[in-house]
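J.: One structure is given below, represented as structure tokens, and several questions about it will come after.
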Ligand SMILES: *Cc1c(COP(=O)(O)O)cnc(C)c1O
């Protein structure tokens, strides 16, 4: 039994999803003729209370297009210092949008109105890039899946708009956040201009993200998708998987959170673990003790076919998902505990 906790992107389609893929009606989406893609785009927009949706191959692309359509070259994006758009998109903001970033500390990745206020350039001083977008990530991957409540989002959005700033949401794991807060997804649209959601993370689709946006950004976003090479032909096979994921895999996310918490609690009892970040959703990040390295831990776990990733000089990350069940959880806990035994006895 292989236990793969490197990311929630490692899942394989379920049999129900396979059937949905096989049954998909398709057409050439670059000609706007794929009914399954259209259905996914409309459904995604409706779920988020937004006007339009654009199906893309990756969440990096939906983020990059979102920022691109909301900015002009030489402007500045305000975001958390560990945010995915800055740290994990290959420098795309610089290359694709020609913008700079203003990085905020945040509270476990959650940025707030006072912090944003201190970092807005007013556009009067020619030395400074003009602030144009506030980009929020929910959940925050770098901070073990911490999440915002809707009232926090509402405050940020109200303030940003009062200053003439646009709002982008990297909602790669937005449904994980909503699972915990109980906020309604349909309330999210009104606080943002563009929102990226991933179908290929906890929702378990093989490929794909959707950029949902206001109608006014739709045509420029479609143009940018083409320019970035993201126009796909009979993409309905992938869209069908995405529709299936939205219909069947949202409510089960709470199981992933429960299992993640069990992993976090178990790790916290081990003497070679220095600290575990609070486990808010499906991501567990912990720091190993001084006498040990993440590589040693990962090598030991690999002997038992448990996979995780190094997430910093002393950090390891585990992510729970649809293909991680209770049997695997039991095995993982056992291996965690045995490793403790070996380390301390040898
Ligand atoms: C995974 C992820 C993305 C998108 O990544 P892709 O691999 O390009 O789909 C964006 N933001 C966050 C926070 C993510 O975790």
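Bear in mind these aren't lab numbers, they're just calculated from the coordinates by the rules spelled out. If you're wondering where the values come from, they're calculated on a predicted model, not measured in any experiment. Here the Cβ is made from the backbone with ideal geometry for all residues, glycine too, and neighbour counts use every protein chain on show.
J.: How would you classify the chain from its alpha-carbon gyration tensor, with a ≥ b ≥ c the square roots of the eigenvalues: rounded for a/c under 1.5, else prolate if a/b is greater than b/c, otherwise oblate?
T.: In terms of gyration-tensor shape, oblate.
J.: Rounded to the nearest 0.05, what FRET efficiency do residue 265 and residue 310 have when you use their Cβ-Cβ distance and R0 = 35 Å?
T.: Efficiency computed from Cβ-Cβ geometry: 0.95.
J.: Now for a separate question. Sort the following peptides by mean Cβ neighbour count (other Cβ atoms within 10 Å, averaged over residues), highest first: 26-32, 241-247.
T.: 241-247, 26-32
J.: Any idea what log10 I(q)/I(0) is at q = 0.15, 0.17 Å⁻¹ for segment 143-203, Debye with uniform C-alpha scatterers and no solvent?
T.: After summing over all Cα pairs, the log10 values are -0.45, -0.57.
J.: How large is the Kirkwood hydrodynamic radius of segment 1-77, in angstrom, based on all distinct alpha carbon pairs?
T.: Computed over Cα pairs of segment 1-77, the Kirkwood hydrodynamic radius comes out at 15.6 Å.
J.: Can you compute the modelled spin-label distance between residue 248 and residue 51, with each label point 7 Å from Cα toward Cβ, in nm?
T.: A separation of 3.5 nm, rounded to one decimal place.
J.: Evaluate the distance, in nm, between pseudo-label points positioned 7 Å from the Cα of residue 333 and of residue 124 along their respective Cα→Cβ axes.
T.: So the two model labels end up 6.1 nm from each other.
J.: Taking the DSSP beta bridges in the chain as the whole, what percent of them are antiparallel, to the nearest 5? Provide the component values of the computation, followed by the final result.
T.: Numbers: 22 of 42 bridges.
Counting only bridges with both partners in the chain, antiparallel ones make up about 50 percent.
J.: As a footprinting exposure proxy, order 1, 50 by other Cβ within 10 Å, with the fewest listed first.
T.: Going from sparsest to densest Cβ surroundings: 1, 50.
J.: Still on this structure: So how far, in whole Å, is the C-alpha centre of segment 47-84 from the one of segment 144-171?
T.: 13 Å
J.: Something else: Could you sort 314-320, 12-18, 271-277 so that the peptide with the highest average Cβ count within 10 Å comes first and the rest follow in order?
T.: Descending mean neighbour count gives 314-320, 271-277, 12-18.
J.: Inverting the mean 1/r over all pairs of different Cα atoms, compute the Kirkwood radius of segment 252-344 and quote it in Å.
T.: 13.2 Å is the Kirkwood radius here.
J.: In a GNM of the chain with a 10 Å cut-off on Cα contacts, which of 308, 126, 24 has the highest mean-square fluctuation?
T.: Judging by the Gaussian network model, the answer is 126.
J.: Using the number of other C-beta atoms within 10 angstrom as an exposure proxy, rank 280, 325 with the fewest first.
T.: If I rank by nearby Cβ atoms, fewest first, I get 325, 280.
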